[in-house]
Amino acid sequence: METGYDIIFFWVARMILMTEYLLEDKPFETVYLHGMIRDKDGRKMSKSLGNLYTLQDLAGKDFVPLALRYFFLGTSYRKPINFTWEALNAAQTALVKLWKHCLELPAPACEVLAPYIKNFEEAIYDDLNMAKALAVVWKLLESKEDASKKAATLFHMDKVFGLDLANARTQLSNLENLKKENLRDNMTNLELV
C-alpha cells in the first residue's frame, strides 16, 4: 500500500484494524510512505478541490505507476511534494534510465557489495532518506565494480524500493505498449484510424 503520512492515524490504522477484525488477516505486508501531495500552486491535492489525478489519468499521459513511486522516493515522507507533470516526467525518465542500466547487467552473483549495502542501509535508517538511498544506487551503477555483484546489490536494494528492477525488460515493454495504446486511442478520437 502507498499512502501519505498525514492519513496514517485516521485511515491506515483503521484499515488494518478493521481488516484484521473482519477477515482475521493482514490487509497488506508493506506500506510505502510519501509526504502530502500538493499541486503546482502549493494547494493540497484532494477530490473536493478537483485537483486530484488518478492512476488512469497518469496512464493516459504515458506514465506508468512505478514512475509515481520513483517520484515519491525523491523526497522525504515528512515534506510536502509539489506534483507537476514535469516532475513526474523527470521521475519516469530517471526510472527508464535505471531500467536500461539493469538490462546491461549480467545475471546477479550470489554476493552483494557490502560497502554499498552499508551506505544504502545508513540512508534508510536516516529517517527513511530515500533520496539518499537512490543516490547510492546511482553511485553503484557508475562504479567499476563487478557487474554481476552490482546486479545482486541492486536487486537487493530494490526489495525496499519496489521498482521491479529485476523485470526491467518487461517494464520497458509495458511502457512502450502504453504509449502505443494511447497514440492509437488519440488517433481514433481524431478519426485518423
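The values are calculated or read from the model by the stated rules, or taken from the named source; none is laboratory data. A quick note: this is a predicted structure, and the numbers were derived from the prediction, not measured. Cβ placement follows ideal geometry from the backbone for every residue including glycine, while neighbour counts extend to all protein chains displayed. Note: areas computed on protein heavy atoms with side chains; ligands, DNA, RNA excluded. Shrake-Rupley method; radii C 1.70, N 1.55, O 1.52, S 1.80 Å.
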| query | Does Leu88 count as free of Cβ contacts under 8 Å to residues at least 60 places away in the same chain, touching a helix residue (DSSP H, G or I) at 6+ places or on another chain (Cβ under 6 Å) and among the hydrophobic types (A, V, I, L, M, F, W, C)? | reply | yes
| task | Please indicate, with yes or no, whether at least one residue in the range 155-165 is closer than 20 Å to Leu66 by Cα and more than 14 Å from the chain's Cα centre (by Cα). | result | yes
| touching a Leu at 6+ places or on another chain (Cβ under 8 Å) and of a type in the set (Phe, Trp, Tyr) - does that describe any residue in the range 83-98? | no
| Among Tyr77, Tyr70, which is within 21 Å of Lys97 (Cβ to Cβ) and in contact (Cβ under 8 Å) with a residue 40 or more places away in the chain? | Tyr70
| message | When you scan the range 49-61, do you find a residue that is part of a helix (DSSP H, G or I), within 15 Å of Ala131 (Cα to Cα) and within 16 Å of the chain's Cα centre (by Cα), even just one? | response | no
| Hey, any hits in the range 51-67 for a residue that's of a type outside the set (A, V, I, L, M), at pLDDT 90 or above, crowded, with 16+ Cβ neighbours inside 10 Å and closer than 20 Å to Gly162 by Cβ? | yes
| note | In the range 160-184, anything open to solvent by less than 100 Å² (accessible area, probe 1.4 Å), charged (D, E, K, R) and free of Cβ contacts under 8 Å to residues at least 24 places away in the same chain is listed as Glu176, Glu181
